[in-house]
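Taking it in order: structure first as structure tokens, then the write-up.
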């Protein structure tokens, strides 16, 4: 794999080199952190989504309308949204407790069955009668011996956000186990499993010393105050401030620092797709981490979930923000080379770091 890494200070390039080069000191530290992954218990609180994939073979064009007719060959459901973050945590070796909401439908059954088979605790998942599990159905078709291509996506969602009463139930369930957890990962996709008020309550009433709380909020980032860290992507930062960043590094640095200061975060990790990541910490210059590996991504579906899973787990294992960001960067670079909603394992990350 090829690529380059660039270290910036206040927008100026200080050093260039190959992105796969990690010096011995960093390599030893990163591998040591990953070795501690199996000792960590992580709570994933947030919106559970079912990613459904329907594969079919293109048979002909319909006589009813100018559309393709597919003969369905395969269908499977994989964890999406916060469930995908939990799935990545489990694949990385963590002991995972899941707190979220599913409906009493086929998708909800599939998610619970998946996690139970994987050894992930689902006893804190709330099951609602008469409500659908948020589901994203991707229909893929291909001619014989061709690679399937996505044709359309159909989303099935609850009519409204989960209620405040449901959020309160989940908060109480999280608090019942928070004292024994290494970190809390909050995945907010806008369905209402939790919000900034509930997360603040959990932090205040946990009953032990500080612990890492990492937030991934698609629409409400500016409501989360004084959590440990957050992992927005660049478009989410743009939406939060109503400003376009594009290739303007000065504007990126300005908005990143403003977000860090305004929300009271200890660190902020902004993901930028093929341009990698930028880590912001108080009283430090922004640190750019160009994409790990190839910048020719195969599929970016769920990559943000992989990033926050690896980042949170590393912080729970005692990593610095920089080391955690480097591990997350590696995980993100690996997962985008896989099709669909995918995961990476600790073994894959260790191999990549050793070969870097």
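Out of (1) closer than 23 Å to residue 179 by Cα; (2) in contact (Cβ under 8 Å) with a residue 60 or more places away in the chain; (3) in a loop (DSSP other than H, G, I, E, B), what's the single condition that is false for residue 133?
Answer for residue 133: the failing condition is (1).
What number goes with the only condition from (1) closer than 22 Å to residue 78 by Cα; (2) at pLDDT 95 or above that residue 149 does not pass?
Condition not satisfied by residue 149: (2).
Pick out the one residue from 240, 214, 178, 196 that is in contact with a strand residue (DSSP E or B) (Cβ under 6 Å, 6 or more places away or on another chain) and surrounded by 16 or more Cβ atoms within 10 Å (Cβ to Cβ).
214
Of all residues being outside any helix (DSSP H, G or I), farther than 21 Å from residue 39 by Cβ and touching a residue at least 60 places away in the same chain (Cβ under 8 Å) in region 340-356, which is farthest from the chain's Cα centre (by Cα)? Just the residue, please.
Among residues in region 340-356 that are outside any helix (DSSP H, G or I), farther than 21 Å from residue 39 by Cβ and touching a residue at least 60 places away in the same chain (Cβ under 8 Å), the one farthest from the chain's Cα centre (by Cα) is 356.
Taking region 261-270 as the search range and keeping residues that are under 16 Å from residue 315 (Cβ atoms) and buried (at least 20 other Cβ atoms within 10 Å of the Cβ), which one is farthest from the chain's Cα centre (by Cα)?
Taking region 261-270 as the starting set, the residues that turn out to be under 16 Å from residue 315 (Cβ atoms) are 265-269.
Still in the list and also buried (at least 20 other Cβ atoms within 10 Å of the Cβ): 265, 267-269.
Details: 265: 18, 267: 17, 268: 14, 269: 12 Å.
Out of the qualifying residues, it is 265.
When residue 202 is evaluated against the numbered criteria (1) touching a helix residue (DSSP H, G or I) at 6+ places or on another chain (Cβ under 6 Å); (2) in a helix (DSSP H, G or I); (3) over 26 Å from residue 102 (Cβ atoms), which criterion, by number, is the only one it fails?
(3)
Could you please let me know if residue 180 is part of a loop (DSSP other than H, G, I, E, B) and farther than 25 Å from residue 221 by Cβ? Walk me through it before giving the result.
Values: part of a loop (DSSP other than H, G, I, E, B): yes; farther than 25 Å from residue 221 by Cβ: yes.
Yes, satisfied.
Find the residue count for region 115-130, including only residues that are farther than 21 Å from residue 188 by Cα and part of a helix (DSSP H, G or I).
Let us first name the residues in region 115-130 that are farther than 21 Å from residue 188 by Cα, namely 116-119, 129-130.
Restricting the remaining residues to those that are part of a helix (DSSP H, G or I) gives 116-118.
So the count comes out to 3.
Quick one: what pairs do we get from region 323-339, first residue at positive phi, second modelled with pLDDT of 95 or more and not in a helix (DSSP H, G or I), C-beta under 6 Å, 6+ apart or different chains?
Taking only residues 6 or more apart or on different chains, not a single pair turns up.
Kindly indicate whether any position in region 113-123 is farther than 16 Å from residue 46 by Cα, at pLDDT 95 or above and buried (at least 18 other Cβ atoms within 10 Å of the Cβ).
Yes - at least one qualifying residue is present in region 113-123.
Only one residue in 170, 185, 128, 143 is loosely packed, with under 15 Cβ neighbours inside 10 Å and touching a strand residue (DSSP E or B) at 6+ places or on another chain (Cβ under 6 Å). Which one? Write out each step before concluding.
Values: 170 fails: loosely packed, with under 15 Cβ neighbours inside 10 Å; 185 fails: loosely packed, with under 15 Cβ neighbours inside 10 Å; 128 fails: loosely packed, with under 15 Cβ neighbours inside 10 Å.
Going through 170, 185, 128, 143 in turn, the sole match is 143.
The values are calculated or read from the model by the stated rules, or taken from the named source; none is laboratory data. What you are looking at is a predicted structure, and each value in this text was computed from that prediction instead of being measured. Methodologically, a virtual Cβ is constructed for each residue, glycine included, from the backbone with ideal geometry; neighbour enumeration extends over all protein chains shown.
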